[in-house]
Amino acid sequence: MRMRPERSAVLFDIDGTLIDSTAVVEHVWSRVAAAFGVPREPVLAVCHGKRDADVAAEFFPEPVRAEVLAEVARLELAAADAVVAVPGAANVLGQLDPRRWAAVTSGGRELMTGRLRAAGLPLPCTLICAEDVSRGKPDPEGYLAAARELVVEPADCVVVEDSPPGVAAGVAAGALVAAVTTTHPREALGGAHVVLPELSAVLGLL
């Protein structure tokens, strides 16, 4: 498939966009919140699309954050294979030039590569993970880094996201942002330039 020149690359989020990991993410954070005496509902409201370190900093006191992150990492890695691909993900990626798409995730590299493999999806040539940036979503750092690695301008990219922090990051990077309603309702994704009912619809933007 050929892209129009003005949209020369696609930058995908992973969790909730390419992979259905919602149940796993919410189970892990629910267990950790309960273990450390923190109400689960506020944590679950923001944990999608943010780095674990940023969630921990928002809800857990500094003395226990390292322990919180270690427990989150342990539980997430233990359940890395308990995910499936979002419907249409394999078809969409299969139609793209591997040199013209990247993934930008708030998760760690070991966890994200494990989830992609478990879901039967290809590993991107360009993968920007939590440890590759100093500021996570909604900061645009990750998307700007991916555009640089692909040697394209951010304005020439389509960012595909499922969460408000991710949408904000893509917009701040200067890309065209397409949101899919896999983890959040349409009204929560109002910052996106276009909201898609399913991932396959992104092909119509290229």
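The values are calculated or read from the model by the stated rules, or taken from the named source; none is laboratory data. Note that the coordinates shown come from a computational prediction; the quantities given were computed from them, not determined experimentally. Note that we place each Cβ from the backbone using ideal geometry, even for glycine, and neighbour counts take in every protein chain shown. The protein model used for the area step is the full one, side chains on, heavy atoms only, and it has no ligands, DNA or RNA in it. Shrake-Rupley method; radii C 1.70, N 1.55, O 1.52, S 1.80 Å.
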Open item on the list: Run the numbers for Thr181 and Ala90: contour at 0.36 nm per residue of separation, minus the present Cα-Cα distance, in nm.
Closed with: 31.0 nm
Task: Where the chain is the region considered: accessible area per residue in Å², 1.4 Å probe - done: 44 Å²
Open item on the list: Compute the helix-to-body angle for 62-78: its Cα long axis versus the longest principal axis of the chain, expressed 0 to 90° and rounded to tens.
Closed with: 60 degrees
Task: Crossing angle, helix 109-118 versus the chain [Cα axis fit, 0-90 degrees, rounded to tens] - done: 70 degrees
Open item on the list: If I stretch the segment between Glu62 and Glu41 completely, what's the gain in nm (0.36 nm per residue apart, minus their alpha carbon distance), one decimal?
Closed with: 5.5 nm
Task: Using a Förster distance of 30 Å, the FRET efficiency for Leu75-Leu123 (Cβ separation, nearest 0.05) - done: 0.85
Task: Farthest positive-ward along the chain dipole, Cα basis, beta-carbon charges - from Ala57, Thr183, Gly88 - done: Gly88
Task: Karplus-derived 3J(HN,Hα), 6.51/-1.76/1.60, for each residue of segment 12-25, Hz, glycine and proline x - done: 9, 6, 10, 4, x, 10, 9, 10, 8, 10, 4, 4, 5, 4
Open item on the list: Suppose we look only past 19 Å in the calculated P(r) of segment 118-206. What percent of the Cα-Cα pairs does that tail hold?
Closed with: 41 percent
Open item on the list: Full-extension gain between Ala23 and Asp132, please, as 0.36 nm times their residue separation minus the C-alpha to C-alpha distance.
Closed with: 36.7 nm
Task: Rounded FRET efficiency, nearest 0.05, which uses the C-beta distance separating Ala34 from Arg99 and R0 of 41 Å - done: 0.40
